[in-house]
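**Q** After the structure tokens below, expect a handful of questions from me.
Every read-out reported here was derived from the displayed coordinates using simple, explicitly stated rules and does not represent laboratory data. Since this is a predicted model, take the numbers as computed values, not measurements. Here the Cβ positions follow ideal geometry from the backbone for every residue, glycine too, while neighbour counts run over all protein chains shown.
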Amino acid sequence: MLSWREIADLDFDVPSQTSNFNPETPQFRDVNPDKSPPYPNGPVPLDSHFYIDRPPMEQLSCNEILKPGSVTRIQAPRKMGKSSLLLRIMAFAQQQSYKIVKIDFQEADKAVYAHLNKFLRWFCANIARQLQLQPLLDEYWDEEMGSKVSCGIYFEGYLLGQVDTPIVLVLNEINLVFEHPDIAEEFLPLLRFWHEQARQSTLFKKLRLVVVHSTEVYISLDINQSPFNIGLPIKLPEFNFKQIQDLVTRHGLNWTEGDRVEQLMAMVGGHPYLVRIALYHFAQAQITLETLLQQAPTQGGIYGGILRHHWEIIQKKPTLSAALHQVVMTSESVKLDPIVTYKLESMGLIKLDGDRAYPSCQMYRLYFAGQYQQEENTV
């Protein structure tokens, strides 16, 4: 499988500007149903038989990056399949001979977020390097003009001018920028401005933004400056019954009784990662459904590592712990502080009904309620 750096360097004949994305074609799908399922870890490879389409998400996303100046916004909690969808968008962009740049805000050092100027210079230099250009930041940066204007001049006057084809700019885990309000309130409107510039600038028409985040946007932005109310919103849903049944078949399992899927969903919902872990163990004959249902909300079950990891994080954050306690110890949905909501949702522990939170699945409710009960009993 090609990395995004390799994808960006490839040269292809440019096809017509219509989306012919088809995940069922051999280049996107391994058609061997007998292939042993790999343990779920990282994005699902392009040729994997175990990638489950969630129509029309793939087709819509690929169609959108064909549009000059477009913005595609992909939102879902962690481990929901954002990276797997990104792989397919990038593969489609590769077919169009587009340049691909991926900025992952998880890679930025803490010092990068110290102030806006440093952040924007890091951002621009990163893009230039991925386009195999010398950064030349000082030739375009003007302290008198300010860092935002300098960044825009650098984009239009240098980066976009040096590239003949459209650029798909992927901004991954942009929710990490939310945690730095001074930067977010300046940087995020800049993305909106570039999108609007495409209406009048031939150069900015080349830019196709794909913005990826793990949560709802909680930071306060002027509605006319926010990049989160423009473009195409893609909110990845959980797997439904039919999709899980399809995945069961691909794992070589003979579940003729539909209630087995229902029982699994009653415990872990349709969360793609949790479902795939279960099916992997079933396919390896390492566990039965009955045993899984008994052990799932315990540290001795197949999800024990995941549960312990979440619990360790929660224990270190009293504010998060107090909020999660509220959520799992009541049968009603609960209204939480927006920042706390953002963090719990990004971890995949809660879902939202409007502005009210409830556990994302029964396993989390049972496990965390048990942990809190145990703490109370030892006090």
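**Q** Once you have the Cα-Cα distance between N229 and E376, take 0.36 nm times their residue separation minus that, and quote the gain in nm to one decimal.
**A** Values: separation 147, 0.36 × 147 = 52.92 nm, distance 4.39 nm.
Contour length minus the Cα-Cα distance gives 48.5 nm.
**Q** How much length is gained if the chain between Q263 and N240 is pulled fully straight, taking 0.36 nm per residue apart and subtracting their Cα-Cα distance, in nm to one decimal? Write out the running numbers ahead of the final one.
**A** On the way: separation 23, 0.36 × 23 = 8.28 nm, distance 1.31 nm.
Between Q263 and N240, full extension yields an extra 7.0 nm.
**Q** Give the separation of the Cα centroids, region 261-300 to region 356-379, in Å.
**A** About 19 Å separates the Cα centre of region 261-300 from the one of region 356-379.
**Q** Scale the Cα Rg of region 241-295 by the rule-of-thumb value 2.2 N^0.38 Å and send over the ratio, two decimals. It would help to have the intermediate numbers written out before the result.
**A** On the way: Rg = 9.9 Å, N = 55, 2.2 N^0.38 = 10.1 Å.
Dividing the Cα Rg of region 241-295 by 2.2 N^0.38 Å gives 0.98.
**Q** Right, here's the next one. Which residue, N126, S97, P77, has the largest displacement toward the positive end of the dipole of region 66-222 when charges sit on each Cβ (Lys, Arg +1; Asp, Glu -1)?
**A** Of the listed residues, the answer is S97.
**Q** Starting from 0.36 nm per residue, how many nanometres of slack lie between T165 and Q326 once their C-alpha separation is accounted for?
**A** Values: separation 161, 0.36 × 161 = 57.96 nm, distance 5.15 nm.
Working it through step by step, the gained length comes to 52.8 nm.
**Q** OK, next. First measure r as the distance between the Cβ atoms of W311 and Y358, then evaluate 1/(1 + (r/R0)^6) with R0 = 25 Å and state the FRET efficiency to the nearest 0.05.
**A** On the way: r = 19 Å, r/R0 = 0.76.
That gives a FRET efficiency of 0.85.
**Q** Which of the residue pairs K110/K206; K79/K351; K82/K335 have a Cα-Cα distance greater than 19 Å in the structure shown? Before the final figure, lay out each step's value.
**A** Details: K110/K206 31 Å; K79/K351 14 Å; K82/K335 27 Å.
Pairs exceeding 19 Å: K110/K206; K82/K335.
**Q** Where the only charges are on Cβ atoms (+1 Lys, Arg; -1 Asp, Glu), what is the dipole of the chain about its Cα centre, to the nearest 20 debye?
**A** Values: 35 positive and 43 negative charges, 77 e Å.
Dipole magnitude for the chain comes out near 360 debye.
**Q** Taking the convex hull of the Cα atoms, report for region 153-265 its projected area averaged over all directions, in nm².
**A** Details: hull surface 42.9 nm².
If you wrap the Cα atoms of region 153-265 in a convex hull and average its projections, you get 10.7 nm².
**Q** Treat the count of other C-beta atoms within 10 Å as a stand-in for reagent exposure and order K242, K206, K343 from fewest to most.
**A** K242, K206, K343
**Q** Please report, in Å, the Rg and the Dmax of region 98-148, where both are computed over Cα atoms only.
**A** When restricted to Cα atoms, region 98-148 yields Rg and Dmax of 11.7, 35 Å.
**Q** Hey, what's the Cα Rg ratio for region 249-379 versus the globular rule of thumb, 2.2 N^0.38 Å? Don't jump to the answer; show the numbers that get you there.
**A** Working: Rg = 15.6 Å, N = 131, 2.2 N^0.38 = 14.0 Å.
So region 249-379 has a normalised radius of gyration of 1.11.
**Q** For n ≥ 4 DSSP H runs only, could you compute -39500 (n - 2.57) per run for the chain, divide by its residues and tell me the 222 nm figure to the nearest 500? Mind dumping the intermediate values first?
**A** Numbers: 16 runs with 165 residues, N = 379.
Rounded to the nearest 500, it is -13000 deg cm²/dmol.
**Q** Kirkwood Rh and Cα-based Rg: tell me the resulting Rg over Rh for the chain, rounded to two decimals. Walk me through the numbers before you get to the answer.
**A** Numbers: Rg = 22.5 Å, Rh = 22.6 Å.
Using only Cα positions, Rg/Rh for the chain is 0.99.
**Q** Which peptide among 192-200, 137-145 comes first, and what is the full order, when sorted by highest mean count of other Cβ atoms within 10 Å?
**A** Working: 192-200: 16.2, 137-145: 12.6.
Put in order of decreasing packing, that is 192-200, 137-145.
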